[in-house]
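Worksheet: one structure, shown below.
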Amino acid sequence: MKRPHLIVDDEIAVQELVGHWAFRAHTTPIQIFNRATDPFLPGVKTHLFRSLEALDGRGFRNPVLVITRWKIEPSDVDRLEALTNLKLTILVTWSGIDDDRVEPVSSAIAVGSLEVLANSASRVKKILYWRPIISGLNDTNDHFASARRLSEFADATVFTGLFYREEIRAYFREAGVPDLYADVARRKILPRDAERRILSHFEGRPIFRKTSCGVAFAHGVPDFNGHFGIREICDICPEAQHEICGRKHHRPDMEVVRSLARVVSLADLDGIEISDRRIEVSGSSEAQRYFMQHALNFQVHDRAQPHRQHRHGRAEIGWE
């Protein structure tokens, strides 16, 4: 992993976050240290704890997602369990891939972290974040059986494919990895047959296509991304979660939607359309859509990037 570098003091970072115009107390989902580093690396986790404690001490009940491949110690869990307000979820990434050109961090570390969480965590929820699933690398029945066994340590399992964009393909080629798919894609690749086999292996276990769905189930709350309107995403969800999300799901009023669109400076207000499934807009950025989506608990899509039915927001590869 890259060596992390501290950019700004933890307290300043938290203050800038909660002072941002787009931050909504108790609503905006938060992810911490999920891109440039791993939050549980020895040089990073002190800052993770300080940031979480600063948010928790302000009384915020926002959902917080901490994604890690690294080692979690019982003492780490003790400190996280002391938080009283944040809805904290630890998502432990596991792939089962043993080719270190593709997966440089041993999956055995994730196994150990899940076991520690299973033994120590109560208020803190834990997710088996099964990713990336790649055809020909970790989609065998043995991998699926291993994932099911690991799921016993977690409150829920979320599975997903690979972001195989041009820069990822170039990185793997430089590392000597043969092309994983025939083409690149903007969205994650997970072929239909792989999903079918995964769901067959996980019959009777809580497994989810979307991260926010797994987090919602673990905490017993509605999905903050409002996927309930896209019913084919929810066809694998437990009935109890259907009821929780169903009670929250309401088609929003056009004026409420336009008001939020004005907040994010969306240009085409007249082009907004609302159905029971989703709000559709034009000329939007991901950040604009997410702000509206989280405020409404209702999916917001852009016409230029259509979501095909039954694709679950995935690439066309393997679904043609």
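Tabulated data for the structure shown
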read-out	value
Subset of region 1-32 (residues that are within 30 Å of residue 102 (Cα to Cα), among the hydrophobic types (A, V, I, L, M, F, W, C) and in a loop (DSSP other than H, G, I, E, B))	1, 6, 7, 32
Top-ranked residue of region 281-319 - restricted to ones that are basic (Lys, Arg) and modelled with pLDDT of 80 or more, ranked as farthest from residue 194 (Cα to Cα)	289
Condition met for residue 199 (part of a helix (DSSP H, G or I) and either on the phi < 0 side of the Ramachandran plot or hydrophobic (A, V, I, L, M, F, W, C) (or both))	yes
Qualifying residue in region 29-38 (condition: on the phi > 0 side of the Ramachandran plot and at pLDDT below 95)	yes
Residues of region 100-151 satisfying the condition of being of a type in the set (D, E, K, R) and in contact with a helix residue (DSSP H, G or I) (Cβ under 8 Å, 6 or more places away or on another chain)	101, 123, 125, 126, 139, 148
Those residues of region 189-203 which are under 19 Å from the mean Cα position of the chain (by Cα) and surrounded by fewer than 19 Cβ atoms within 10 Å (Cβ to Cβ), in sequence order	199
Residue check for residue 182: part of a helix (DSSP H, G or I) and either of a type in the set (Gly, Ala, Ser) or under 19 Å from the mean Cα position of the chain (by Cα) (or both)	no
From the options 83, 117, residue that is in a loop (DSSP other than H, G, I, E, B), in the same structural domain as residue 177 (by TED's automatic domain parsing) and within 21 Å of residue 49 (Cβ to Cβ)	83
Residues located in region 247-265, provided they are touching a helix residue (DSSP H, G or I) at 6+ places or on another chain (Cβ under 6 Å) and either farther than 11 Å from residue 296 by Cβ or among the charged types (D, E, K, R) (or both)	264
Sole residue being in the same structural domain as residue 122 (by TED's automatic domain parsing), under 30 Å from residue 61 (Cβ atoms) and either surrounded by fewer than 19 Cβ atoms within 10 Å (Cβ to Cβ) or without any contact (Cβ under 8 Å) to a residue 40 or more places away in the chain (or both), chosen from 170, 175, 216	216
Which numbered condition residue 280 misses (of (1) without any contact (Cβ under 8 Å) to a residue 24 or more places away in the chain; (2) of a type in the set (Asp, Glu); (3) part of a loop (DSSP other than H, G, I, E, B))	(3)
Subset of region 49-82 that is among the aliphatic types (A, V, I, L, M) and out of contact with any strand residue (DSSP E or B) (no Cβ under 9 Å at 6 or more places or on another chain) - its residue that is surrounded by the fewest Cβ atoms within 10 Å (Cβ to Cβ)	82
Whichever residue in region 84-105 is of a type outside the set (Val, Ile, Thr) and at pLDDT below 95 and, among such residues, is surrounded by the most Cβ atoms within 10 Å (Cβ to Cβ)	103
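Conditions tested, residue by residue: (1) within 24 Å of residue 308 (Cα to Cα); (2) at pLDDT below 95; (3) not aromatic (Phe, Trp, Tyr).
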position: 221; (1), (2), (3): no, no, yes
position: 230; (1), (2), (3): yes, yes, yes
position: 234; (1), (2), (3): yes, yes, yes
position: 239; (1), (2), (3): no, no, yes
position: 243; (1), (2), (3): no, no, yes
position: 251; (1), (2), (3): yes, no, yes
position: 257; (1), (2), (3): yes, no, yes
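The values are calculated or read from the model by the stated rules, or taken from the named source; none is laboratory data. No experiment lies behind these values; they were computed from the predicted model shown. A quick note on method: Cβ atoms are made from the backbone with ideal geometry, for glycine too, and the neighbour counts reach across all protein chains shown.
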